[in-house]
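Structure record follows, encoded as structure tokens.
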Amino acid sequence: MRMRKQAIEDAVARVRRNMDAFGGKFPHVGSGGGPYERIENEDWTNGFWPGMLWLCYEYSGDGAFADAARKVTESFRQRLEHNTVLDHHDIGFLYSLSAKAEWFVLGHEDARELALRAADKLMERWREAGGGYIQAWGPAGDEAQGGRIIIDCLLNLPLLFWAANETGEERFRQAAVRQAELTRRYLVRGDDSSYHTFIFNQENGEPIGGTTHQGYSNGSTWTRGQAWGVYGFALAYRYTGDQAYLDTSKRMALYFLRRLPEDHVAYWDFHAPVCPDTYRDSSASAIVAAGLQELLEHLPADDSDRSELWSGLTASIDSLIERYSTMGDPEAEGLLRHGSYYVRGNIAPDDFIIWGDYYYLEALMRLERGIRGYWYPPQADRGGRA
Ligand code: GLY
């Protein structure tokens, strides 16, 4: 479709302009609709910028994007060597879209080794209690953060699945499978909605209960959490072939799509009261647009929900382009307006957020050009195990 091609061209031109503007720093969230807040390599969000650079390189073949992305990999090497703010599970987001992407795209051995070291680092978050789990945040034994898993972790698991395949070390796969299984069992509810986080007793692993951090309430469904579930379970299926993950991804996707407002872009929480001022989370819809493509690639051709999922995908992506993107506004640094990071904490409740930009670009490039992001190796053919 012409509009989608224009949207990609516009996005690639914007990323090119931003390479100079960001000057070696990392875009994080917008500043009230203005320029991106620039940060050092010390947050969970730093991988999305190199991920966008790699997508632009694959799309355009322009070496300037690859040169910039490789410099960023070097910054990630320093980060791992100095252990800079890595006491969280988002090591998977960080190193999948930087070092692992460089290995996938350019085949550089030192980038592969760095990504494998990052997988080892992520394994430091493994806690043995009650059969084992990956603790999301904070140090082991932490009173507030210990015992917590969160649904976002599903997108960290591809780093472990990939490391298992690369090294033959089963510990990576066992941890990833156990975490995906716990997430399916405790974070996804019977009606296909989801908790954001779930707490286990740190001593014995007994389940305590579901809570939220960024959602509207403990029992609500934070739309971005649901989106991580759609994409994350489809990826867990790709790596394991376990039908339960594919079914869960599909059920979560249908829950998501059937609760969208008229313009097909999600509010920030499915249980937030809707009034004219209710914030959207365009990033949740961008993640789902990328995740639906992974899901659709695995679903059988005669699956009765295919056409609903496909219509949901195209309606969402076209609405993001038409109503939420900055296409045609040369001043804007971000690609997608109206993302929400943390509404109750009043942190970027309605702004550019860099992961929204990344998934929007990934979804568009996969749809139009078959460029699929960096969650599994490019040689994992359609429907094949990664
Ligand atoms: N993974 C953090 C977030 O989605 O805000």
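The figures follow:
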quantity: Selection count, the stretch 222-263, where residues are touching a Lys or Arg at 6+ places or on another chain (Cβ under 8 Å), outside any helix (DSSP H, G or I) and within 24 Å of Arg280 (Cα to Cα); calculated: 1
quantity: Leading residue by the ranking (nearest to the ligand (Cβ to nearest atom)) among those in the stretch 87-106 that are of a type outside the set (Phe, Trp, Tyr) and open to solvent by 40 Å² or more (accessible area, probe 1.4 Å); calculated: Asp87
quantity: Test for Thr314: is it more than 26 Å from Pro377 (Cβ to Cβ) and not basic (Lys, Arg); calculated: yes
quantity: Failed item in (1) in contact with a Phe, Trp or Tyr (Cβ under 8 Å, 6 or more places away or on another chain); (2) within 21 Å of Gly47 (Cα to Cα); (3) surrounded by 24 or more Cβ atoms within 10 Å (Cβ to Cβ), with Thr248 passing the rest; calculated: (2)
quantity: Subset of the stretch 132-149 (residues that are farther than 17 Å from Val85 by Cβ and open to solvent by less than 50 Å² (accessible area, probe 1.4 Å)); calculated: Gly132, Tyr133, Ile134, Gly146, Gly147, Arg148, Ile149
quantity: Looking only at the stretch 208-223, and only at residues there that are more than 22 Å from Ser249 (Cβ to Cβ) and within 16 Å of the ligand (Cβ to nearest atom), the one that is least open to solvent (accessible area, probe 1.4 Å); calculated: Thr211
quantity: Total residues in the stretch 107-125, condition closer than 24 Å to Ala136 by Cβ, part of a helix (DSSP H, G or I) and open to solvent by 50 Å² or more (accessible area, probe 1.4 Å); calculated: 2
quantity: Some residue of the stretch 224-243 being within 16 Å of the ligand (Cβ to nearest atom), of a type outside the set (A, V, I, L, M), in contact with a Pro (Cβ under 8 Å, 6 or more places away or on another chain) and open to solvent by 10 Å² or more (accessible area, probe 1.4 Å); calculated: no
quantity: Residue match in the stretch 172-188 (condition: open to solvent by less than 50 Å² (accessible area, probe 1.4 Å), closer than 25 Å to Tyr255 by Cα and part of a loop (DSSP other than H, G, I, E, B)); calculated: no
quantity: Scan of the stretch 126-150 for residues that are over 18 Å from Glu170 (Cβ atoms) and part of a loop (DSSP other than H, G, I, E, B), ordered by number; calculated: Gln135, Ala136, Gly138, Pro139, Ala140, Gly141, Asp142, Glu143, Ala144, Gln145, Gly146, Gly147
quantity: Condition met for Trp310 (among the hydrophobic types (A, V, I, L, M, F, W, C), open to solvent by 10 Å² or more (accessible area, probe 1.4 Å) and outside any loop (DSSP other than H, G, I, E, B)); calculated: yes
quantity: When residues of the stretch 155-171 are limited to those that are open to solvent by less than 10 Å² (accessible area, probe 1.4 Å) and either over 20 Å from Asp87 (Cβ atoms) or acidic (Asp, Glu) (or both), the one farthest from the ligand (Cβ to nearest atom); calculated: Ala164
quantity: Selected residue (criterion: farthest from the ligand (Cβ to nearest atom)) from residues of the stretch 336-370 that are among the hydrophobic types (A, V, I, L, M, F, W, C) and open to solvent by 20 Å² or more (accessible area, probe 1.4 Å); calculated: Leu367
quantity: Flag if Ala315 is on the phi > 0 side of the Ramachandran plot and touching a residue at least 24 places away in the same chain (Cβ under 8 Å); calculated: no
quantity: Counted residues, the stretch 341-355 - those being in a strand (DSSP E or B) and of a type in the set (Ser, Thr, Tyr); calculated: 1
quantity: Residue match in the stretch 191-207 (condition: free of Cβ contacts under 8 Å to residues at least 24 places away in the same chain, open to solvent by 10 Å² or more (accessible area, probe 1.4 Å) and either closer than 14 Å to Tyr245 by Cβ or among the small types (Gly, Ala, Ser) (or both)); calculated: no
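Conditions tested, residue by residue: (1) out of contact with any helix residue (DSSP H, G or I) (no Cβ under 6 Å at 6 or more places or on another chain); (2) in a helix (DSSP H, G or I); (3) open to solvent by less than 20 Å² (accessible area, probe 1.4 Å); (4) not β-branched (Val, Ile, Thr).
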{"position": "Ala7", "(1), (2), (3), (4)": "no, yes, yes, yes"}
{"position": "Asp10", "(1), (2), (3), (4)": "yes, yes, no, yes"}
{"position": "Arg17", "(1), (2), (3), (4)": "yes, yes, no, yes"}
{"position": "Gly32", "(1), (2), (3), (4)": "yes, no, no, yes"}
{"position": "Glu42", "(1), (2), (3), (4)": "yes, no, no, yes"}
{"position": "Met52", "(1), (2), (3), (4)": "no, yes, yes, yes"}
{"position": "Phe65", "(1), (2), (3), (4)": "no, yes, yes, yes"}
{"position": "Val72", "(1), (2), (3), (4)": "no, yes, yes, no"}
{"position": "Val85", "(1), (2), (3), (4)": "yes, no, no, no"}
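The values are calculated or read from the model by the stated rules, or taken from the named source; none is laboratory data. Please read all numbers here as calculations on a predicted model, not as lab measurements. Methodologically, a virtual Cβ is constructed for each residue, glycine included, from the backbone with ideal geometry; neighbour enumeration extends over all protein chains shown. The protein model used for the area step is the full one, side chains on, heavy atoms only, and it has no ligands, DNA or RNA in it. Shrake-Rupley method; radii C 1.70, N 1.55, O 1.52, S 1.80 Å.
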